[in-house]
Amino acid sequence: MNRLPRMPLAKVLLAVLVAELLAGTALVLWQPPQPVPPLPPVEIFDPLTAEQMRQMRDGVRPRAAEDWSELAEMYLAHGFYPEAEACYRRACELSPEHAERRGDWAFCLSRMGRIEEALAEFQQAIALGHPDAAALRYFAGRDWLRLEQTEAAKRTFLLAADLPAARYELARLDLAEGRGGRAAERLERLQREIPDCLAPHWLRARAERRLGNAREAEEYERRAAAARGRLPTPFDERSERVRQVYHQFGRQGRLEQLRQEIERGRLAEARRELEWLLQQQWSAEAADLLSDVDHAEGRFDQARRRLGEVLDREGPSLHWLWRYGEACEAAGELDEAGRVWLRAVALGPESEAQGLFVKLSQLYESRGDVDEARRFKARFYHAAGVERLDSGQPGAARASLEESLALDAERAATWYYLGQALEALDRTADARRAYGRCLELQAFHGRALDALRRIGP
Amino acid sequence: MSRGYTGYLTGILAAAVLLVPFVFWYLLQVAPAAGPPPKVEPAAWRFAPSSLPLQASPLGPPPHDRPLLTHVQVFDLDQDGRLDVLACDAQRLGVFWYRQTEAGQWDERPLLEPWPFGPPAHVTVVDLDQDQDLDVLVSDLGNVWPTNARVGRAVWLENLGDWRFQPQVLLDDVRRVTDVQAGDLDGDGDLDLVVAEFGFDQGRLLWLENMGGQAFRERQLMAAPGPIHVPLADYDGDGDLDIATVFTQEEEEVWGFENLGGGRFDPRPRLLYSTPNHDLGGAGLVQCDLDQDGDPDLLLSAGDNLDLVYHYPQPYHGCIWLQNLGSWRFQPRRLAHFGGTYAAAPGDLDGDGDLDVALVSIFNDWARPGAASLAWLENDGRQHFTPWQIADQPTSLCTVACGDLNGDGRADIVAGGLHIKEPFDRTGRITLWLSRHAAGSAQAGTGAQAGARP
């Protein structure tokens, strides 16, 4: 009697279990086949990257939206846009309510030039509550512009008007439609908010020129020339994300890890792997890192030969000539180092060659060539001064440029930049003298002539 | 005991009932995918094959790793009656002269060895010092990669005769320079220069007044980033040289600068073409009289979308003809849609007396076989153009020029590759497509449908 109430429970459970097993088996057996992720022609990449791509693709769980999404991002970072789009689409099929994935899909469609589809998906992602709706609206606005639909673009940018980049686009549209005054108003606000940003000053100059205000236009052109910042746009963050994926994956990622291993002194492992990578496929980055290992292990001649090969295959540039010269220096071949460094500094830019000017100055000093040593030291101070001027430090720039002129007073460009620094410091009379000295050395220096015209006699 | 057993059994059954759904859920999750992949829709640009009898062959040494050709130009530099090829090479670093010694024979000579400047972007052949030989003006880009650094120069390679050239820097301390053109802009009899200071975020259009003694006075015509080319011509038909240029960084605009004479330019330049599509990707501007009506037109190529790590061809890329209607009015007309179009060159490729156009693509979808790298637009004589595919390799072509290199009365094609990113399996440095015309065999086109975006 006591067992009776228990048996039905067991029977019920058994029945449920059987039903579950049957239903589950049916589900497993008769479920529609899940799509495999697409595999692009990965063999266009080096073997390591290609293999990691295959592994990542094989590791995708067919129903895991996040796996499809990650694969999509990796494909996008490596230029396989059609496959990336297919994977984003699948991720959105698996998680139709996921706003961010839909936003990623829309971005991919946009980059592929499938603009109408991108616009629909941006809209959908916003409707699903995407956390960065303003960024999506900015992308959508740009896409409307790509379709030359300016009214739709304007409406879309207005919805993202918290973003400076969207307001900049609105100003640009105003100007294109002949509303210079309205554009100037919008830009005024942007110029206040992000004063070191070049684009608003530049567009303001155009607006003022359109309004017939030549003097104001010149002033904003001057500000644009002095500004260094770029207008922040939502594209920056997207682009950076893609770049990171690219640099952390496959061969690129492994080279970065090896760079850190070399810094930590794990040379033997790094050498083994770099040699293997170079056997797989030669690349300048791998050869360069291996030359670092050579150098750290005291194999200077080998480092020099290796960098010589890089120079031969990649072609001369400031960077590679500098590196090759350093390897020559370490191998005791100072004449060769000096020869390639001289060529390197001609390839510029001077701002990036400052260290090399110092090396050349020291090299000539050690040879007793005081004049050449002084000339390169002057070039170092010149480059440092221009760099400081460009980064908005006219006081420091002036000091460097004056150092340069104390060593070599015959360089017209240095006098010109000194004039610029002095002008920025409101020392107009001194600036005038500096420009004048520049013109004594180079009578037709156009920018100095223009500066003198601007500040008056 | 039996009660205990029953209880134990019930417990197991209950646990199984709870666990089994999870097991099946897990099995569903990890079950290998067996279905076809989701549809992949590449957008590689292909066209119907051309029937022009062109034969491809490399010019100069075979590609060395990743060639970076920035410009090719067809010109009879030594004035021996045979066209030569000049090439700017940012990898081997220098300007190379491919001198045609006799039909089909080419002799490579670097104009300077070693090259003492940065990567050259463009060459212009002109007798700058008017001493009756041809000199070369080089636009020194300074850096192939985007930078605001002052790495650019305008360099004059003076022809000393006997294949020797003497370099002289005419302008330096400027940002990346992409084009230098010469012409007598102030009517004083000597040649002045126009310089495209492309830069990156900052750039300028300059004209350099020749002050004599190889001294030039720099004057700014417009401050805007991204001027690429500065073709000079008498655009308004008033007898002096005007300037046209395309700005491509912040805006996508073609401007005309009217020469008022005496070294003065109209302070209100003419906007000849613009689009609200700031992603158009203007890549070059070529002056030619496409409709042969006696006034200079412009060809704008668009296909430069250097944005993410890799680039994808866009539906609005291609070639736009700016037809000169007179009085500074230019009518834009789309000649072709072609993803990644980086350069255009006019030439009578089919020998029917009108001007066709050769186009090269740098950013087609190279992962797809058959994606076009070189196409030509056949002109039916009334400026209706039909695209035909000439080649799908080498890939990543950045520069193209046309000229009758083999003297058969038809334009041949020369193109250069700029291989920045993968794939590197179909690289090419300089490639010639020489017409192998035999009477009656070279009918342009086949009547097949022109290809379009698949």
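Only the coordinates and a few stated rules stand behind these numbers; no lab work does. Since this is a predicted model, take the numbers as computed values, not measurements. Ideal geometry is used to build each Cβ from the backbone, glycine not excepted, and the neighbour counts take in all protein chains shown.
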Can you list residues from other chains, or at least 5 along the same chain, whose modelled amide H is less than 5 Å from the amide H of B:THR399? B:GLY416
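Give the Rg/Rh ratio for segment A:298-435, taking Rg as the radius of gyration of the Cα atoms and Rh as the Kirkwood radius, to two decimals.
Here Rg/Rh amounts to 1.09.
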Under the Karplus relation 6.51 cos²θ - 1.76 cosθ + 1.60, θ = phi - 60°, what is the ordered set of whole-Hz ³J(HN,Hα) values for segment B:12-24, x standing for Gly and Pro? 4, 4, 4, 4, 5, 4, 6, 7, 4, x, 5, 4, 5
Sorted on mean Cβ neighbours within 10 Å (highest first), peptides A:246-256, A:423-433 come out as A:246-256, A:423-433
Sketch the reach of a paramagnetic label on B:ALA33 as a point 7 Å from Cα along Cα-to-Cβ, and name the residues of segment A:69-91 whose backbone nitrogen lies under 15 Å away. A:69-76, A:82-91
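Please report the orientation-averaged projected area of segment B:324-437, defined via the convex hull of its C-alpha atoms, in nm². If you can, show how the numbers build up before the last one.
On the way: hull surface 32.0 nm².
So the mean shadow area of the Cα hull is 8.0 nm².
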If you split all Cα-Cα distances of segment A:164-250 into 10 Å bins from zero, what percentages do you get per bin, shortest first? 19, 42, 22, 11, 5, 1
Cα centre as origin, Lys/Arg/Asp/Glu Cβ charges: segment A:255-348 dipole, Debye: 60
In nm, the gap between the two label points placed 7 Å beyond Cα toward Cβ at B:ARG268 and A:HIS247 is 4.8
With runs of 4+ DSSP H residues as the only contributors, calculate the mean residue ellipticity of chain A at 222 nm using -39,500 (n - 2.57) per run, divided by the residue total and rounded to the nearest 500. -24500 deg cm²/dmol
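When Cβ neighbours within 10 Å are restricted to other protein chains, what is their mean count per residue of peptide B:80-92? Walk me through the intermediate numbers first.
Numbers: counts 0, 0, 0, 0, 0, 0, 0, 0, 0, 1, 2, 5, 3.
Averaged over the peptide's residues, the number is 1.
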Separation between the B:HIS64 and A:GLU237 pseudo-spin-labels, each 7 Å from Cα along Cα→Cβ, expressed in nm? 4.6
At q = 0.13, 0.18, 0.22 Å⁻¹, what base-10 log of I(q)/I(0) does the Debye formula yield for segment A:1-79 when every alpha carbon is treated as an equal point scatterer in vacuo? -0.60, -0.81, -0.98
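Peptide A:77-89: average number of partner chain Cβ atoms within 10 Å per residue? Provide the component values of the computation, followed by the final result.
Working: counts 3, 5, 12, 6, 11, 10, 6, 2, 6, 6, 3, 1, 4.
Across A:77-89, the average partner-chain Cβ count within 10 Å equals 6.
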For segment A:396-457, what are Rg and Dmax over the alpha carbons, in angstrom? 10.4, 29
Long-range amide H partners of B:GLN314 with built H, under 5 Å: B:GLY340
Just checking the output field for B:387-393: average partner chain Cβ neighbours within 10 Å of each residue's Cβ? 0
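Could you grab the relative contact order for segment A:255-348? Cα pairs under 8 Å, six or more apart, rounded to a whole percent.
On the way: 95 pairs, mean separation 18.5, N = 94.
That works out to 20 percent.
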Kindly express, to the nearest 10 degrees and within the range 0 to 90, the angle between helix A:214-226's C-alpha long axis and the longest C-alpha principal axis of chain A. 70
Check: chain B dipole with +1 on Lys, Arg Cβ and -1 on Asp, Glu Cβ, in debye: 3220
Please compute the Cα-Cα pair-distance distribution of chain B with 20 Å bins starting at 0, giving whole percents from short to long. 24, 53, 12, 6, 4, 1, 0
Translational diffusion coefficient of the protein assembly as shown at 10 °C, 1.306 mPa s, Stokes-Einstein with Kirkwood Rh over Cα pairs, in µm²/s as a whole number. 52
Convex hull volume per residue in cubic angstrom - Cα atoms of segment A:255-348: 86
Per residue of chain B, what 222 nm ellipticity follows from adding -39500 (n - 2.57) for every DSSP H run with n ≥ 4, rounded to the nearest 500? -2500 deg cm²/dmol
Estimated distance in nm for a label pair at B:ASP348 and A:GLN442, the labels positioned 7 Å out from Cα along Cα-to-Cβ: 4.7
Stokes-Einstein D for segment A:50-226, Kirkwood Rh over Cα pairs, 10 °C, 1.306 mPa s (µm²/s): 88
Out of B:VAL286, B:PHE338, A:PHE157, whose Cα points farthest toward the positive end of the dipole of the protein assembly as shown (charges: +1 Lys, Arg; -1 Asp, Glu; placed on Cβ)? A:PHE157
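Just the Kirkwood number for segment A:95-144, please: inverse of mean 1/r across all distinct Cα pairs, in Å, one decimal.
Values: mean 1/r = 0.0988 Å⁻¹.
Across segment A:95-144, the inverse of the average 1/r is 10.1 Å.
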Each residue of segment B:266-276 in turn: what ³J(HN,Hα) in whole Hz from Karplus with 6.51, -1.76, 1.60 and θ = phi - 60°, glycine and Pro shown as x? 3, x, 10, x, 9, 7, 8, 7, 8, 9, x
Expected vector for segment B:173-186, Karplus 3J(HN,Hα) from phi with 6.51, -1.76, 1.60 and θ = phi - 60°, integer Hz, x for Gly and Pro, equals 6, 10, 6, 3, 9, 10, 7, 9, 10, 10, x, 7, 7, 10
Hey, got the dipole for chain A? About the Cα centre, +1 on K and R Cβ, -1 on D and E Cβ, debye to the nearest 20? 1260
Any residue on another chain or 5+ positions along whose placed amide H is under 5 Å from the amide H of B:LEU221 is listed here as B:LEU205, B:LEU206, B:TRP207
I need the semi-axes of the equivalent ellipsoid of segment A:111-212: take the C-alpha gyration tensor, multiply each eigenvalue by 5, square-root it, list largest first in whole angstrom. 27, 15, 10
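Restricting to Cα atoms and excluding each atom paired with itself, what does the Kirkwood estimate give for segment B:150-200 in Å? Walk me through the intermediate numbers first.
Numbers: mean 1/r = 0.0822 Å⁻¹.
Mean inverse Cα-Cα distance, inverted, gives 12.2 Å.
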Per-pair calculated FRET efficiency, R0 = 22 Å: B:ASP307 and A:GLN281 via Cβ, rounded to 0.05: 0.25
Test of understanding: express the Cα radius of gyration of chain A as a ratio to 2.2 N^0.38 Å, with N the residue count. 1.39
